[in-house]
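See below for the structure under consideration.
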Amino acid sequence: ALPAHRMSIPWRRVSGLRRRLTQTVFAVLPLVLLAIGVHPAIAAIPAVYPFFILIRRGFRRLRKGVARTGLTGEHGIRLALSLVPLGIGWSTGNVGPVGWVAISLFTLLPLAELVVTRVAPGRKLRVENLPGIADTRGPKFPVNLVLFLDLSLTALAGILLLVHVPAGALLVLPVVALGLAGVSALDSYQRIRESVDSDNNLYAAVEAYDPKFVLYYGVPAGSAYQVGMWIEFLERIGERFIVVLRRTSAFREIAALTDAPVVVRTNIWQLDDVITPNMTAAFYVNNSAPNVHLVRYPHMTHVQLLHGDSDKASSFNPVTALYDKVFVAGQAGIDRYEDNGVDIPKHKFTIVGRPQVESVEQQDPENLPVHTVLYAPTWEGHYADTNYGSLPVGPAIIRELITRGQTVIFRPHPFSYRNPEALQNIREIHELLRVD
C-alpha cells in the first residue's frame, strides 16, 4: 500500500501570529501608559521589544540584499510605534510649535512606507542577452533602507525626548526619513516608466533578433537542472533561439546557463510579445501546467523533451499527448505509454537516445571488477504514486557498499533536500562517507 499524505497542524504559522500579536500589544502599551499618566521613561519601556524586532529584521534584510520589505501585516505595529514620540512629547509638555510639527511628522513615516513598499518592486521586465532591450535596473538604494532608517530615527527621537532634548531640534530626523522615502518612490516610478518602454519595444526586438525556436520553462527557481541538461544540445543546433520563462524567481538561474536571450513573461497575454511568425518550434523540459499557454500557438511544432526517462509515472503522463513530438531515449520510452494505457500516436515519438551520456565510457574487461559505485536516488515526488525514492534504505545500501570495499559517489536529487526525512538520510549518508 502506498503511504498517504498526512496533514499536520501549521504550528509555525500559529507561532507567527502569536509573535505579531505580542509585538502589537507591546507597541500599543506605551500609548496607554502615557495616557493614564505613567512617567514617560517607564511607559516607553515596552516599545523596546517591537522596535528591536523590526529594526533587526530590517538590518538583516538590508545586509542580505533582500528586495522585499519585512512589513507584511505589520503596518499597524509601525503606526503605533510612530506615535510613541508624539505621546512622549504630549506627556512632557513644553514642546513648542516647531516641536509639534517635528514629532507629528513621525506619524507620516508608516504611510510613506506603504507607498514605497507598493511601488518599490516596480514593473520589472526581466530580460538578458536580447539586443536592444536592457534588463530593468534595480533601485538606487535598497528598499529596506527606508524601513531600517524610519524605525531607527523614530526610536532615536523617543530616546532624545526622554533625555529632554528640545522637540524642535528633532525636525531634521523625520524630514530626512520622508525625503529618503520620496526619493525611493520617485526612483521606483522612473524604473516603472523604463520597464514599460522596454515592454512596448520587446516584440520589435525579438522580431529583429529572429529566433527560429523557443525553449519554454514554466516552473519556479530550484529546477534549473531540467534546462541545464538540454541547453547545450539546443545551442549545438546552430540556430538563434530564445528562452521564455514564466516565473521571475527562475531568471537568475537560467540566465547563467546560456548566452541566448532569456525573457520572463508572467502572464499568458504577454507571450504574444515574444512569439513571432518565423518561430518554427518550441521545446519543453517538463509537463508543467503553464505549458498549455504556449501550445496554443499552432504555427510551431511543439516538442516535449522531458528531463529524464524512467519507469516512473511521470514518464508515461497522459498530458504528454498534448505535444506534436515526444523525444524519448529508446523504444522502451515509447512502449511505456502503451503498456500503461496511454494512447499516443506512434508518429509523435522520435528516438534521440540520451544525449547527456555521450561522454560516458563503455564498460570493458579492463575495468572489471567494479570498484566505484554511483548512488543517485530519485526524489519522493509530489504524490504517493510517484514516490520511487530509495533514500529510506539509502544508509543501509551505503554501509553494505563500504563493507564490500567500494568507492561511493553520492548524488541525491536536488528536491530531496526539501523533505525533512530525506534530508536526514542524506546527512547520514554523507557522514558515513566522511568517516570512510
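The criterion of at least 2 residues that are polar (S, T, N, Q), under 16 Å from VAL84 (Cα atoms) and in contact with a helix residue (DSSP H, G or I) (Cβ under 9 Å, 6 or more places away or on another chain) is met, among helices (runs of 4 or more DSSP H) falling completely within segment 103-209, by 143-162.
Of the numbered criteria (1) surrounded by fewer than 19 Cβ atoms within 10 Å (Cβ to Cβ); (2) closer than 27 Å to GLY381 by Cβ, the one HIS302 fails is (1).
Select, from GLU239, GLU207, GLU253, GLU235, the only residue that is touching a residue at least 60 places away in the same chain (Cβ under 8 Å), over 18 Å from GLY308 (Cβ atoms) and among the charged types (D, E, K, R). Of GLU239, GLU207, GLU253, GLU235, the one residue that is touching a residue at least 60 places away in the same chain (Cβ under 8 Å), over 18 Å from GLY308 (Cβ atoms) and among the charged types (D, E, K, R) is GLU207. Checking each residue in segment 79-100 for being assigned to a helix (DSSP H, G or I) and modelled with pLDDT under 85 picks out only THR92.
Which residue, of TYR375, TYR337, is under 26 Å from TRP230 (Cβ atoms), surrounded by 14 or more Cβ atoms within 10 Å (Cβ to Cβ), in contact with a strand residue (DSSP E or B) (Cβ under 7 Å, 6 or more places away or on another chain) and not aliphatic (A, V, I, L, M)?
Answer to the selection: TYR375.
Pick from segment 228-241 the residues that are of a type in the set (A, V, I, L, M, F, W, C) and over 16 Å from VAL357 (Cα atoms): which of them is least open to solvent (accessible area, probe 1.4 Å)?
PHE241
In the set (1) without any contact (Cβ under 8 Å) to a residue 12 or more places away in the chain; (2) assigned to a loop (DSSP other than H, G, I, E, B); (3) farther than 22 Å from HIS382 by Cβ, the condition left unmet by ILE344 is number (1).
Selection of first residues in segment 292-307 that are among the polar types (S, T, N, Q) and of second residues that are open to solvent by less than 30 Å² (accessible area, probe 1.4 Å) and part of a loop (DSSP other than H, G, I, E, B), restricted to Cβ pairs under 8 Å at least 6 apart or on distinct chains, gives the following pairs, ordered by first then second residue: GLN304/TYR323.
The set of residues in segment 396-415 being crowded, with 16+ Cβ neighbours inside 10 Å, under 32 Å from the mean Cα position of the chain (by Cα) and farther than 16 Å from GLU380 by Cβ consists of PHE410 alone.
Just the residues that are of a type in the set (Val, Ile, Thr), assigned to a loop (DSSP other than H, G, I, E, B) and closer than 28 Å to VAL285 by Cα, please, taken from segment 356-415. Passing the criteria: VAL360, THR378. Checking each residue in segment 353-372 for being surrounded by 13 or more Cβ atoms within 10 Å (Cβ to Cβ) and out of contact with any Asp or Glu (no Cβ under 8 Å at 6 or more places or on another chain) picks out PRO355, GLN356. Selection of segment 22-61 for residues being open to solvent by 60 Å² or more (accessible area, probe 1.4 Å), closer than 21 Å to TRP90 by Cα and aromatic (Phe, Trp, Tyr) yields only PHE26. Against the list (1) crowded, with 20+ Cβ neighbours inside 10 Å; (2) touching a Ser or Thr at 6+ places or on another chain (Cβ under 8 Å), the condition ALA102 fails is (2). The set of residues in segment 52-78 being among the hydrophobic types (A, V, I, L, M, F, W, C) and at pLDDT below 85 consists of LEU62, VAL66, ALA67, LEU71. Pairs are defined by a Cβ separation below 7 Å, a sequence spacing of at least 6 or placement on different chains, a first member in segment 152-179 that is buried (at least 23 other Cβ atoms within 10 Å of the Cβ), and a second member that is modelled with pLDDT of 90 or more and not in a helix (DSSP H, G or I); the pairs so defined are GLY158/ALA44.
The values are calculated or read from the model by the stated rules, or taken from the named source; none is laboratory data. Here the structure is a predicted model, which is why all the values come from computation and not from measurement. Cβ atoms come from the backbone with ideal geometry, glycine included; neighbour counts cover every protein chain shown. Surface areas here come from the heavy atoms of the whole protein model, side chains and all, with no ligands, DNA or RNA. Shrake-Rupley method; radii C 1.70, N 1.55, O 1.52, S 1.80 Å.
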